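Visitor: I'd like to ask you about the structure that follows.
Nothing in this text is a laboratory measurement; each read-out follows from the coordinates by a stated rule. Because the structure is predicted, anything quoted here is derived from the model rather than measured. Note that we place each Cβ from the backbone using ideal geometry, even for glycine, and neighbour counts take in every protein chain shown.
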Amino acid sequence: MMHVSIYMLFVDLISWLILGYFIVVNTVYLSLLIVSFIATRNMNKSREAYEVTGLFDSDLYKSVSVLLPVYNEEKSVRDTVYSLLQLDFHDYEIIVINDGSTDLTFELLKKEFDLYPSVRFIPNLLPHNDIVGVYVSKLFPNLLVLDKENGKKADALNAGLNASRKEVICSVDADSWLERDILKKMLRAFVEDEKTIAVGGVVRVSNGCEFENGQLKNVNPPRSFLGRIQVIEYLRSFLFGRIGWSSVDGLLIISGAFAVFDRSALMQTGGYKRESIGEDVEVVVKMQHYFTENEIPYSMKYLPEPVCWTRVPETWGELAAQRNRWQRGLADTLFNHKSMIGNPKFGWLGMFSLPFHLIFELLGPVLELGSYLLFFLLLIFGLVDASFAILFIFFAILYGMILSLGALLLDEMTNRPYSRLRDIYMLTGHAFLENLGYRQLHFWWRLRGLYDYFRRNKEWNIRDRNPTLTNNLHRAWMTAINLFFFLLLYYGISGSI
């Protein structure tokens, strides 16, 4: 009898630990959502003051070098470069780094922008693979193109850093489009605080949007299920999550799709880690590590304005490969800077943000998928009562739905990117669907990423050898997990009556 009591006590402990995990992680996300909403409202008021005083139109801003690393981007590079050439800023240069493309990317650039060889000297300040040629445009004097041997994105950015001659660096992905006044918006942070060394801005999903002459014409949601799900995901995790972390000095990442850095600060910390596959998170943490260790005052900010539009994967295989890479990049950064974790010297970043990312972001896939598996086993053996099943559904599923819906509603209250009511209704439905199958699948991709990291897999993208099979398997998973949640809900309701 005593053994049975101890056994049941152990089962109860495991059950409440599972529930506690979901309560903690979702409550932190809710807190970040609230903090970011307040910060967004305050920043919008500050922006209005800038517009009234005319500071947006002044020449107080620093000069900018826009770095555009490209690899096999023949389909998009032309439009991206033209969009950058239309930026509304008084002093900037564009440096396109062709990172050993094997398609017609360089030939297209050379023909479209009338490139010719240049004798411009590129100092060897940061390490990178060899530069084959340096070219300038006869049509646009502020356009420079570097043709170099392949070394991946971080290596290409180092080459661009060496070639840059301006005070501020702006890195942009080849599949991203920037709003015309983006540099003025972002560089406002440098005007407000001279200690600023890095600034991030909101990255939104461009799939479904209409562009004309390199500029955004109409904002529409993506047509695909995966694209729409990622709209919600970007809002919750990347928009309000990062603004929230920035507000408490715990910012860990500035999106690689669009980021702005003080050039001298970036050079001082050694630029980008060449072999990194998560260069965006690595460089942000490395800069904070260096400046704190050397007791140099600094500031990093994440602004709430929608300024960059980027394409997201719309096939299961491509999305899985992307999230796998992100997880490996996070793991690499946390292990490289493990001395910062739990270190009070690094303030909120060391004491809260880094431990949270270690436990709930890096190890989250293990904990969450393990929680689902344990709960399923407890359910099979009849060790879960109906009331606990209801609690599990609420904190594991419904709480997440509330967060996703809250992010969408707060975005509409502060930015209103979608003008049509039907678009808002459709995205609201996807805010619910995101937590039914997709979230659990997302954790599986990240678990695979963690596994690949420990296998020392350094591939940029894990190639999908059978896309059709991949799509069918993912659809089958979505169906199975939704059936499981339906049965669980039925069990909880019927058992409570």
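Visitor: For a footprinting-style exposure proxy, rank Cys209, Cys170 by other Cβ within 10 Å, fewest first.
Guide: Taking fewest neighbouring Cβ atoms as first place, the list is Cys209, Cys170.
Visitor: Now a separate question. PRE reach from Leu17 (point 7 Å along Cα→Cβ): which of region 374-395 fall under 13 Å by backbone N?
Guide: Once the point is set 7 Å along Cα→Cβ of Leu17, 374-375 turn out to lie under 13 Å by backbone N, inside region 374-395.
Visitor: Take Arg263, Arg204 and order them by how many other Cβ atoms sit within 10 Å, fewest up front.
Guide: With the fewest neighbours first, Arg263, Arg204 line up as Arg263, Arg204.
Visitor: How much of the DSSP bridge set in region 85-153 is antiparallel, in percent, rounded to the nearest 5?
Guide: 55
Visitor: While we're on this one: Rounded to the nearest 20 Debye, what is the dipole magnitude of region 165-268 about its Cα centre when Lys and Arg each give +1 and Asp and Glu each give -1 at the C-beta?
Guide: About 160 debye.
Visitor: Further question on the same structure: Once fully extended, how much extra length lies between Asn472 and Ser31, figured as 0.36 nm per residue of separation less the alpha-carbon to alpha-carbon distance?
Guide: That pair, Asn472 and Ser31, stretches by 155.0 nm at full extension.
Visitor: Taking the mean number of other Cβ atoms within 10 Å as a proxy for protection, how do you rank 17-23, 285-291 from highest to lowest?
Guide: Packing proxy ranking, top to bottom: 285-291, 17-23.
Visitor: So what J values fall out for region 440-446 if you push phi through Karplus, 6.51 cos²θ - 1.76 cosθ + 1.60 with θ = phi - 60°, rounded to Hz, Gly and Pro as x?
Guide: 5, 5, 4, 5, 5, 4, 5
Visitor: Specify whether the C-alpha gyration tensor of region 335-421 places it in the rounded, prolate or oblate class, a ≥ b ≥ c being the square roots of the eigenvalues: rounded for a/c under 1.5, otherwise prolate if a/b is larger than b/c and oblate if not.
Guide: oblate
Visitor: With unit charges on the beta carbons (Lys and Arg positive, Asp and Glu negative) and the dipole taken about the Cα centre of the chain, which residue among Pro69, Thr269, Ser339 sits farthest to the positive side?
Guide: Selected residue: Ser339.
Visitor: Roughly how many nanometres apart are two label points built 7 Å out from the Cα toward the Cβ at Glu318 and Thr479?
Guide: Here the modelled spin labels are 2.5 nm apart.
Visitor: Let me have the relative contact order for region 59-357, percent, based on Cα pairs under 8 Å that are six or more residues apart.
Guide: Normalised by residue count, the contact order of region 59-357 is 20 percent.
Visitor: Kindly rank 414-422, 88-96 from highest to lowest mean number of other beta carbons found within 10 Å of each residue.
Guide: 88-96, 414-422
Visitor: Among the listed pairs Lys110/Lys138; Lys138/Lys185; Lys195/Lys301; Lys148/Lys273; Lys75/Lys111; Lys62/Lys110, which are separated by more than 19 Å between their Cα atoms?
Guide: Going by Cα-Cα distance, Lys138/Lys185; Lys62/Lys110 fall outside the 19 Å limit.
Visitor: Another question, if that's okay. Extension gain Leu421-Arg456, at 0.36 nm per residue separation less the Cα-Cα distance, in nm?
Guide: Difference between extended and current length: 7.9 nm.
Visitor: I would also like to ask the following. If you place +1 on the Cβ of every Lys and Arg, -1 on the Cβ of every Asp and Glu, and leave all else neutral, what size is the dipole of the chain about its Cα centre, to the nearest 20 Debye?
Guide: 600
Visitor: Run through the DSSP bridge list for the chain and note the antiparallel percent, rounded to the nearest 5.
Guide: Among the beta bridges of the chain, antiparallel pairing accounts for roughly 45 percent.
Visitor: Now a separate question. Can you give me the long-range amide H partners of Ala259? Hydrogens built in the peptide plane at 1.01 Å from N, cutoff under 5 Å, separation of 5 or more residues or another chain.
Guide: Distant-sequence amide H within range of Ala259: Ser171.
Visitor: Work out the charge dipole of region 59-357 with +1 on the Cβ of Lys and Arg and -1 on the Cβ of Asp and Glu about the Cα centre, then indicate which of Ile229, Asn294, Val81 is farthest towards its positive end.
Guide: Projecting each Cα onto the dipole axis, the largest value belongs to Ile229.
Visitor: Would you tally the net charge around Gly406, using a Cβ to Cβ cut-off of less than 13 Å, leaving Gly406 out, and scoring K and R as +1, D and E as -1?
Guide: -2
Visitor: Filter the chymotrypsin sites (Phe, Trp or Tyr not before Pro) in region 107-171 to those in DSSP coil with at most 15 other Cβ atoms within 10 Å of their Cβ, and list the result.
Guide: Here the sparse-neighbourhood loop sites are Phe121.
Visitor: So, one more: Between Lys217 and Lys338, what FRET efficiency follows from the Cβ-Cβ distance if R0 is 30 Å, with the result rounded to 0.05?
Guide: Computed FRET efficiency for Lys217 and Lys338 comes out at 0.05.
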